[in-house]
Structures are given as structure tokens and as C-alpha cells.
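**Student:** The structure's right below; bear with me while I get my questions together.
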Amino acid sequence: MDGGIRLLTERAALLGNALTVDVRSGDNLAVHRALDEARPGDVLVVNGHGDTTRALVGDLIGEIMVNTGVTGAVVDGAVRDVRALSEMGLTVYARAITPAGPFKDGPGAVGRPVAVGGMVVEAGDVLVGDADGVVVVPRRRVREAVEAVGGVAEKEDALRGRILAARPDRAVVAR
């Protein structure tokens, strides 16, 4: 996901299945509807169309997220009440913070593919996030991604060992 979607809360670990929401700019009615369908382990993924004038997620949505087991949110738009969201233990990524609250008029859609941070996210895709940002793994490619990550980790560990031994092998970096 593009670097404009950044971690805003203290907790920097995110893993879960995408619960996708498309909203009208500045309106979070569909976010409320999505939380009615939420399952433990879901991550709220909201296409706010990059509009940062009104917060789509705040402490009240956060309380509902905690009560339903939603582990975090990725918002292509703005959020508010970041300190409270952090204190709840939620992991929240967004484009901006604003104190302005949302409209609640709709329309919106839940469970459809959305574009967030330059990535298409489908309901059920796996989101992985840390302090550096968010990665989207299409649900049909999870096994392949896990295997690929293991291979990359092995190569990096080998290179790290050479660097620490003061013998970096530049050929390893090129692969």
C-alpha cells in the first residue's frame, strides 16, 4: 500500500481478513453497517476516496471494533481520537487525522472490492501491517506468499550473517 496510508496508533502489528467498505467522502454510515457483519479477526478496510476533511473512524467506532473482535482499520481517508484508539489496543492506519466528525447519510457498500492506498482489496484478503506499512495478500495467494516470505527471510539472514562478519557478499544482494 502506498506510504500515504500510515500507522497512527501505538500498536504496530496487524493481521486479519479484510472487511471492505466503500463510503461516500466524509460519510461513515456504511462503516457502521460493516461492523454489523464483522467477525473476530477482521480488519476494517475503508475506501474514503482519500478525503481527509472528515473522520471515518473514531473512538465510538473503535469501541464497536473491540466488542466485535475487529483488530484494526486501514482507512484511505481520515480518522480521529487516535489516543483513545491506541488505548483500546487497536492498530489503525489512515491517510490523515482530523477532529471533524463524519456525515451519516450514505450511500456506501460493504463487502465489495475497494481501492485503498493504490491497492485493490477484496473481502477476505489478508492484511499484514507493521510500523513500515500494510501489505495486502489476495486470499487465493496466501499459501504462495507464506512460502515466498520464508525464502526471503532465509536469504536476508544469510546476508546479515555475512555483514556482521564484515564480509558482505554483494552478489547475494543482487539476487
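The values are calculated or read from the model by the stated rules, or taken from the named source; none is laboratory data. Everything quoted here is computed from the prediction, not taken from an experiment. Glycine gets a Cβ as well: all are built from the backbone with ideal geometry, and neighbour counts include every protein chain shown.
**Student:** Counting only residues that are assigned to a helix (DSSP H, G or I) and in contact (Cβ under 8 Å) with a residue 24 or more places away in the chain, which one in segment 54-68 is nearest to Val136 (Cα to Cα)?
**Tutor:** Of all residues in segment 54-68, those assigned to a helix (DSSP H, G or I) come to 59-68.
Then keep just the ones that are in contact (Cβ under 8 Å) with a residue 24 or more places away in the chain; that gives 59, 61-66, 68.
Details: Asp59: 25, Ile61: 23, Gly62: 22, Glu63: 25, Ile64: 24, Met65: 20, Val66: 22, Thr68: 22 Å.
Of everything passing the filter in segment 54-68, Met65 is nearest to Val136 (Cα to Cα).
**Student:** Among (1) β-branched (Val, Ile, Thr); (2) in a helix (DSSP H, G or I); (3) more than 19 Å from Val114 (Cβ to Cβ), which single condition is Thr9 missing?
**Tutor:** The single condition Thr9 does not satisfy is (2).
**Student:** Is there a residue in segment 96-103 that is modelled with pLDDT under 95 and in contact with a Leu (Cβ under 7 Å, 6 or more places away or on another chain)? Reasoning before the result, please.
**Tutor:** First, the residues of segment 96-103 that are modelled with pLDDT under 95: none.
So far as segment 96-103 goes, no, none of its residues is modelled with pLDDT under 95 and in contact with a Leu (Cβ under 7 Å, 6 or more places away or on another chain).
**Student:** Next question, about the same structure. Quick test for you: out of Gly69, Gly101, Gly106, pick the one residue that is surrounded by fewer than 21 Cβ atoms within 10 Å (Cβ to Cβ), in contact with a Pro (Cβ under 8 Å, 6 or more places away or on another chain) and assigned by TED's automatic domain parsing to the domain that holds Val126.
**Tutor:** Being surrounded by fewer than 21 Cβ atoms within 10 Å (Cβ to Cβ), in contact with a Pro (Cβ under 8 Å, 6 or more places away or on another chain) and assigned by TED's automatic domain parsing to the domain that holds Val126 holds for just one of Gly69, Gly101, Gly106, which is Gly69.
**Student:** List, please: which pairs have Cβ atoms under 6 Å, are six or more places apart or on different chains, and start with a residue in segment 8-35 that is more than 11 Å from Gly72 (Cα to Cα) and in contact (Cβ under 8 Å) with a residue 40 or more places away in the chain and end with one that is among the polar types (S, T, N, Q) and part of a helix (DSSP H, G or I)?
**Tutor:** As it stands, the answer is Glu10/Ser86, since those pairs meet every condition given.
Rundown of residues vs (1) in contact (Cβ under 8 Å) with a residue 40 or more places away in the chain; (2) not in a helix (DSSP H, G or I), yes/no style:
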| residue | (1), (2) |
| --- | --- |
| Val45 | yes, yes |
| Thr52 | yes, yes |
| Val70 | yes, yes |
| Ala73 | no, yes |
| Gly77 | yes, yes |
| Ser86 | yes, no |
| Ala94 | yes, yes |
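**Student:** Can you find a residue that is at pLDDT below 95 and surrounded by fewer than 24 Cβ atoms within 10 Å (Cβ to Cβ) anywhere in segment 114-126? If you could, list the steps in order and put the result at the bottom.
**Tutor:** Start the filter on segment 114-126 by keeping residues that are at pLDDT below 95, which leaves none.
Checked segment 114-126: no residue is at pLDDT below 95 and surrounded by fewer than 24 Cβ atoms within 10 Å (Cβ to Cβ).
**Student:** Test of understanding: among Val75, Val82, which residue is of a type outside the set (S, T, N, Q), in the same structural domain as Gly124 (by TED's automatic domain parsing), within 14 Å of the chain's Cα centre (by Cα) and over 14 Å from Phe103 (Cβ atoms)?
**Tutor:** After applying the criteria, what remains is Val75.
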